[in-house]
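Only one structure is covered here, and it is reproduced in the block below.
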Amino acid sequence: MDNRRLVGPGSGAVKYDILTAINIGGLNGSARDQVAMMRLCLLITARYNWRRDELSIGQQEMANLWGVGSRTVKREVKCWLETGILICTRQGVRGRVAAYRLNFLRVCEVTEPHWQLLGQDFVDRMTALKPGGDRVIRLDAIRATLRENSDKGGWEAVNLNLAHRFPTQYGAWIAPLVASESENGLVLEAKSAFAAEYVKTHFGRDIADAVAAEWGAPRAITIRGPSHIGASDMRPNSH
């Protein structure tokens, strides 16, 4: 999500809609979902830095806010990270507090089935905010298509490999990549410079390994945004 929408004129309404989406998704889930989303909403309203798009808070403070023990906090945070609701941007080590970013696209995927309960105006607003709008590719659909084309090899086979390896993150970050050949190797174009940098940082090595496994030899890989900003060349692991 464009960080500029989270600050400045009109940002209050955007934040309100994000929290509303999380609430409606949680309340229409299991009892476990209801508690988890209530806890997440408290962290967002109490500690989220919208200007930096960051949640920086220690686990002991979370435990105090929720009135629970440290084991519950660790279990909750682990669940959010595994499902992709939160993205860890800085590990909490050596006395340093961990930092997280709300994965807005994943929030949309989890809560979208319940948007209509709030009315068409809410659906329209959230659809406009959602990265890619209605062009977001659903993982089950892309897997079915990839299976049909994986026998052709190439990028389709690499895609299927990555879809299995990253089931919760694939739809948001890897599926939108557009692959093309250049004289220097394989070019993967992301939907934005930010997405390119995120893919490079979090999935770059795995993509390079999957490409090497499919093509049988190291290949130069460039991950870039539409404006070619944030490009990076990578090669698979040598081991």
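Every number here is computed from the coordinates shown, using simple stated rules; none is lab data. This is a predicted model, so every value here is computed, not measured. Reconstructed Cβ throughout: ideal geometry from the backbone, glycine too, with neighbour counts over all protein chains shown.
For the pair Ala128 and Ser11 in one chain, pulling the backbone fully straight at 0.36 nm per residue adds 40.7 nm over the alpha carbon distance. My understanding is that a pair violates if its Cα-Cα distance is over 26 Å; which of Lys130/Lys200; Lys74/Lys130; Lys15/Lys200; Lys78/Lys200 do that in this structure? Cα-Cα > 26 Å for Lys74/Lys130; Lys15/Lys200; rest within. Label-to-label distance for Asp53 and Val68 is 2.7 nm, based on points extended 7 Å past Cα in the beta-carbon direction. On full extension, the segment bounded by Ala220 and Cys79 gains 47.3 nm, given 0.36 nm per residue less the C-alpha separation. Placing dummy labels 7 Å off each Cα toward the beta-carbon, the span from His114 to Ile44 is 1.2 nm.
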